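Only one structure is covered here, and it is reproduced in the block below.
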Amino acid sequence: MTVLENVSLKAYNTFGLNTKAAYFISIGTIKDLHAILKREFVQKKAMILGGGSNLLLTRDFDGAVIKMDICGKEVIAEDDDKVLIKVGAGENWHEFVLYCLDNDWGGVENLSLIPGTVGAAPMQNIGAYGVEIQHVFDHLTAVNKTTLETRRFNKDECKFGYRESVFKNIHKDEYVITHVVFKLTKRHHTINTSYGAIEDVLKQRNIKSPGIREVSEAVVSIRQSKLPDPEEIGNAGSFFKNPTIDKIDFEGLKAEFPSIPGYEISDQMVKIPAAWLIENCGWKGYTRNHIGVHKNQALVLVNYGNGTGSDLKMLASEIQDSVASKFGIELSPEVNII
Ligand code: EPU
């Protein structure tokens, strides 16, 4: 384990922002994790980094960045129908999805091509195309940053919600997730093509009874057509969460803006696509100072190469202001702003 000093984080965040960390340590084992958490400079100020795919760095970080590189995949139990697989937090999420497809294990195919690591996935309960990680989650293990105790969190204890878990609120910054255990199907897979765009792609490809690989391939093609590849254009996926508003307020908005989309999520609440709100404030494709709003997906802010995190933060707050004044809706960021 080596402690590096004054390290550029450009290669470690998908926005490609060139800020620096005072200290940078890659951690590959629990033993090293314990050792680093005992160091005084880490106890003072530290940040755990996975794939850096949900992060907006607005300035240099004057503490320690701990890059989570604990890897490994191990089947810990199985029967004819199900497999329990324990995965190191540092594993790349999409490589894990491909590994599951190669083994014909079902459950994560709708979550194909999401950037980031396995350890970061439960923090915000990653979700896409009708599936959230909570649907395949069994439990995780995490190390308490202060006491160094290892704790197991089962599904209920994680209190998963839409882009939410205890690791983003009541236990924020308290734990380092080291392993996640998933429960996947070995046969009789549940194929979820409820998301219209998946059905469209399968129809175009003339696939009538898709398997998990066909669903994954459809998701990959949808994401590639809508979302910029962070290797080419810096971005962190959706910048804001989709807001939920009261049904009565939605009816009011519908009278004024008849084309506003909304999905009922309960008897009282309606979820509205933030992308529609942003697009209808005129931001889609907007560019300035090497940053902007993506031309195919208004929910994605982009860095064309030499943008800065503080400019992106300013753009985000201008977008929030215009959505609030036109629609009376507050957008909350989905990314972590540092
Ligand atoms: N829309 C627009 N303008 C746009 C794009 C979309 O008006 O530029 C409207 C359309 O009405 C469209 C609706 O927004 O039907 C939904 O768009 P999309 O299917 O692209 O999904 P999203 O709500 O914008 C969410 C997730 C994505 C996830 C997709 C697919 C959030 C914050 N984002 O986006 O997750 O991939 O659904 O399930 O919930 C991420 O979290 O980083 C992410 C990419």
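Please enumerate, by chain and number, the lysines with C-alpha under 29 Å from the C-alpha of Lys186, excluding those fewer than 8 residues away in the same chain.
Result set, ordered by chain and number: Lys73, Lys82, Lys86, Lys155, Lys159, Lys203, Lys208.
Measuring with a 1.4 Å probe in the full set of protein chains, what accessible area per residue, in whole Å², belongs to segment 73-202? Don't skip to the answer; put the middle values down first.
On the way: 5690 Å² over 130 residues.
Value returned for segment 73-202: 44 Å² of accessible area per residue.
What is the packing order of peptides 153-165, 249-261, 57-69, 29-41, taking the mean over residues of other C-beta atoms within 10 Å and listing the highest first?
On the way: 153-165: 16.4, 249-261: 12.6, 57-69: 19.2, 29-41: 14.8.
Final packing ranking: 57-69, 153-165, 29-41, 249-261.
Any idea what the dipole of the chain comes to, in debye rounded to 20, about its Cα centre with Lys/Arg Cβ at +1 and Asp/Glu Cβ at -1? If you can, show how the numbers build up before the last one.
Details: 38 positive and 43 negative charges, 103 e Å.
Its charge dipole is roughly 500 debye.
Can you pull the percent of segment 138-286's accessible area that's carbon plus sulfur, 1.4 Å probe, other chains left in place? Working shown, then result.
Working: 3740 of 8150 Å².
Roughly 46 percent, rounded to a whole number.
R0 = 30 Å: FRET efficiency of Ser209 with Glu95, Cβ-based, nearest 0.05? Don't skip to the end; give the middle numbers.
Working: r = 27 Å, r/R0 = 0.91.
For Ser209 and Glu95, the calculated efficiency is 0.65.
Not counting ligands, DNA or RNA, and with a 1.4 Å probe, what is Asp321's accessible surface area in Å² rounded to the nearest 10?
100 Å²
Mind grabbing the accessible area of Trp276 for me, 1.4 Å probe, Å², rounded to tens?
40 Å²
With every protein chain left in place, what is the accessible area of Met47 in Å² (1.4 Å probe, nearest 10)?
20 Å²
How many angstrom lie between the Cα centre of segment 307-336 and the Cα centre of segment 27-42?
Using only Cα atoms, the two centres lie 36 Å from each other.
For every other residue with a beta carbon closer than 11 angstrom to the beta carbon of Asp62, add +1 if it is Lys or Arg and -1 if Asp or Glu, then tell me the sum. Could you put the intermediate results ahead of the total?
Details: positive: Lys20, Lys44, Lys45, Arg59; negative: Asp60.
That works out to +3.
Multiply the residue gap between Lys155 and Tyr304 by 0.36 nm, knock off their C-alpha separation, and tell me the result in nm, one decimal place.
Details: separation 149, 0.36 × 149 = 53.64 nm, distance 3.87 nm.
Gain in length upon complete extension: 49.8 nm.
Sum up the charges of everything whose Cβ sits under 12 Å from the Cβ of His139, counting Lys and Arg as +1 and Asp and Glu as -1, but leave His139 out.
Details: positive: Lys86, Arg151, Arg152, Lys155, Lys183; negative: Asp138, Asp156, Glu157.
Here the count lands on +2.
What list of ³J(HN,Hα) couplings, whole Hz, do you get for segment 318-328 from phi and the Karplus terms 6.51, -1.76, 1.60, once you set θ to phi - 60° and write x for glycine and proline?
So the Karplus estimates, Gly and Pro as x, are 5, 5, 4, 4, 6, 5, 5, 6, 7, 10, x Hz.
Run down the aspartates and glutamates and flag those whose C-alpha is under 17 Å from the C-alpha of Lys247, throwing out any fewer than 8 positions away in its chain.
Candidates past the 8-residue exclusion: Glu256, Glu264, Asp267, Glu330.
Determine the dipole magnitude for segment 1-116: charges of +1 sit on the beta-carbon of Lys and Arg, -1 on that of Asp and Glu, nothing else is charged, the reference point is the Cα centre, and the result goes in debye to the nearest 20. Kindly include the intermediate steps, with their values, before the conclusion.
On the way: 12 positive and 16 negative charges, 195 e Å.
That gives segment 1-116 a dipole magnitude of about 940 debye.
Calculated from DSSP H runs of 4 or more alone, at -39500 (n - 2.57) each and per residue, what is the 222 nm mean residue ellipticity of the chain, nearest 500?
Details: 9 runs with 86 residues, N = 338.
The per-residue figure over the chain is -7500 deg cm²/dmol.
Against the empirical 2.2 N^0.38 Å scaling, what ratio does the C-alpha Rg of the chain come to? Display every interim value, and only then the final one.
Details: Rg = 20.5 Å, N = 338, 2.2 N^0.38 = 20.1 Å.
Relative to the rule-of-thumb radius for its length, the chain sits at 1.02.
The values are calculated or read from the model by the stated rules, or taken from the named source; none is laboratory data. A quick note: this is a predicted structure, and the numbers were derived from the prediction, not measured. Note: ideal-geometry Cβ built from the backbone for every residue, glycine included; neighbour counts use all protein chains shown. For accessibility, only protein heavy atoms count, side chains too; no ligands or nucleic acids. Shrake-Rupley method; radii C 1.70, N 1.55, O 1.52, S 1.80 Å.
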